[in-house]
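In what follows, a single structure is set out as C-alpha cells and then discussed.
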Amino acid sequence: MKFENLNNKFFHPLVIYGDFESTLNKLNHEHKTQRHVANSYGFYVCSKIEGYPSKYYSYVGEDAAIHLIKQLLLIEKEINTMIRDIKPMIMTAEDVINFKKAATCHICNKELGKDRVRDHCHFSGKFRGAAHNKCNINFN
C-alpha cells in the first residue's frame with residue numbers, strides 16, 4: 001500500500017466551516033410530509049492568506065438559503081481575484097542553498113536528479129522547495 005494522491009498533502013489556505021438551522025413547515029395532509037426550511041446560517045472562513053482575514057458570517061431570515069449562496073458567491077469572486085494575482089517567487093539566500101542541495105522532491109519524496117524546478121506559494125510568493133516539473137504542475 002502506498003500514498004499516491006499527492007494533492008492531499010497540499011495545505012489549503014482557505015477553508016469554510018458552516019451550519020444551517022431550520023424549522024419544519026406545516027404538515028401537508030394530502031402527502032403526509034413536512035419540509036425543513038432553512039431559517040439561519042453561520043459559517044466561518046478560516047484563512048491563512050495574507051491580506052484576506054478569517055471572518056465569521058451569520059444571517060437569520062426566511063431567505064437564509066438564498067442569502068448564503070449570494071454570500072458564498074461574493075467570497076468566491078474575491079478569492080478568484082486573488083488566485084489570478086500570482087505573486088512572484090521570493091527566495092532567500094538560504095532557499096537558494098536548499099534548492100541546490102535538495103536530493104528529493106518535496107512533493108513526492110522521490111529522487112530529483114536533473115529534473116528540478118522551484119515550487120512556490122502563489123498567494124505569498126514564498127519558496128516551498130525543489131520539485132519535479134511534473135509534480136509541481138500537477139500539485140494544485
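Just list whichever of 100/134; 77/134; 26/70; 101/134; 55/77; 70/126 have alpha carbons separated by over 25 Å in the model shown.
Where the Cα-Cα span goes over 25 Å, the pairs concerned are 77/134; 26/70; 70/126.
With springs connecting C-alpha atoms under 10 Å apart, model the chain as a Gaussian network and identify which of 106, 29, 120 has the largest mean-square fluctuation.
29
Kindly give Rg over Rh for region 93-138, based on alpha-carbon atoms, with the Kirkwood expression for the hydrodynamic radius.
Rg/Rh for region 93-138 comes to 0.94.
Got the relative contact order for the chain handy, in percent, Cα pairs under 8 Å and 6 or more residues apart?
19
Give me D for the chain in µm² s⁻¹, whole number, from Stokes-Einstein with Rh from the Kirkwood sum over alpha-carbon pairs, 10 °C and 1.306 mPa s.
85
Under 10 Å, Cα contacts only: if you run a Gaussian network model on the chain, which one of 128, 118, 84 comes out with the highest mean-square fluctuation?
Ranking 128, 118, 84 by mean-square fluctuation puts 84 first.
Once the other residues with Cβ under 15 Å from the Cβ of residue 65 are scored (Lys, Arg +1; Asp, Glu -1), what is the net sum?
After counting each charged neighbour, the total is -2.
So how tilted is helix 64-84 from the main axis of the chain? Cα-based, degrees 0 to 90, rounded to 10.
Orientation of helix 64-84: about 20 degrees from the principal axis.
A short reminder: the numbers here are calculations on the coordinates, not readings from a lab. Note that the structure is predicted; figures quoted are calculated from it, not measured. With ideal geometry, Cβ positions are generated from the backbone for all residues, glycine too; neighbour counts draw on all protein chains shown.
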